[in-house]
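A.B. asks: Just dropping this structure here.
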Amino acid sequence: MKPQDILLLLKLISLDDVTWKQKYVAEALGMSQSEVSESVARSKYSGLLDPKGKKVMKLAFIDFLQFGLKYVFPQKPGPVVRGIPTSHSAAPLKDQIKSSENYVWPSGKGMLRGQSIIPLYSSAPDAALKDSILHELLALVDAIRVGRARARKSYI
């Protein structure tokens, strides 16, 4: 698994359309078509995509996110920067978890100051700005990656 595999799977969940095309997904995620193709192959091999490579195997993916993600792609909050909200600082967790600390993906496009969280993949923040469902899914994934028990319990 590579970080872009998680990004791709989350995008496919946000699309909720088994007729998706690699070219569209590549453009939406800021990835090359070959990266998407390789990601699809890895995800099919790992059982996170169906054999046709079109549908996310959601139960398997949830198991991976819940039990493996924080070990494979861990993240510790970094210095305070301006950026795009993530983890408990973004929807849907921001209404459930009150905190004086904000977590953000570093970005000049963001308006919130908070501790920096390195995104799973470099193009994830831009892709999230174009797709609110993807943004929420990535924020939930970051809550797992950061490893705060209170955030993990809010949605698992």
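The values are calculated or read from the model by the stated rules, or taken from the named source; none is laboratory data. All figures in this text were calculated on a predicted structure; none of them were measured in a lab. Quick reminder, even Gly has a Cβ in these numbers, built from the backbone with ideal geometry, and neighbours come from all protein chains shown. For accessibility, only protein heavy atoms count, side chains too; no ligands or nucleic acids. Shrake-Rupley method; radii C 1.70, N 1.55, O 1.52, S 1.80 Å.
Residue-wise test of (1) open to solvent by 60 Å² or more (accessible area, probe 1.4 Å); (2) part of a loop (DSSP other than H, G, I, E, B); (3) in contact (Cβ under 8 Å) with a residue 24 or more places away in the chain.
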{"residue": "60", "(1), (2), (3)": "no, no, no"}
{"residue": "75", "(1), (2), (3)": "no, yes, yes"}
{"residue": "82", "(1), (2), (3)": "yes, no, yes"}
{"residue": "91", "(1), (2), (3)": "no, yes, yes"}
{"residue": "98", "(1), (2), (3)": "yes, yes, no"}
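A.B. asks: Based on what the data block shows, is residue 69 in contact (Cβ under 8 Å) with a residue 60 or more places away in the chain, open to solvent by less than 10 Å² (accessible area, probe 1.4 Å), farther than 28 Å from residue 32 by Cα and of a type in the set (A, V, I, L, M, F, W, C)?
C.D. replies: So residue 69 does not fit the description; no.
A.B. asks: Moving on. Considering every residue within region 3-15, establish whether at least one is more than 21 Å from residue 128 (Cα to Cα) and open to solvent by 40 Å² or more (accessible area, probe 1.4 Å).
C.D. replies: No: zero hits.
A.B. asks: Oh, and also: Looking at region 109-126, can you tell me whether even one residue there is part of a helix (DSSP H, G or I) and open to solvent by less than 40 Å² (accessible area, probe 1.4 Å)? Walk me through how you get there before you give the answer.
C.D. replies: If we filter region 109-126 for residues that are part of a helix (DSSP H, G or I), which is where we start, we get 124-126.
In the following step, the residues that additionally are open to solvent by less than 40 Å² (accessible area, probe 1.4 Å) were identified as 124-125.
Within region 109-126, one or more residues are part of a helix (DSSP H, G or I) and open to solvent by less than 40 Å² (accessible area, probe 1.4 Å).
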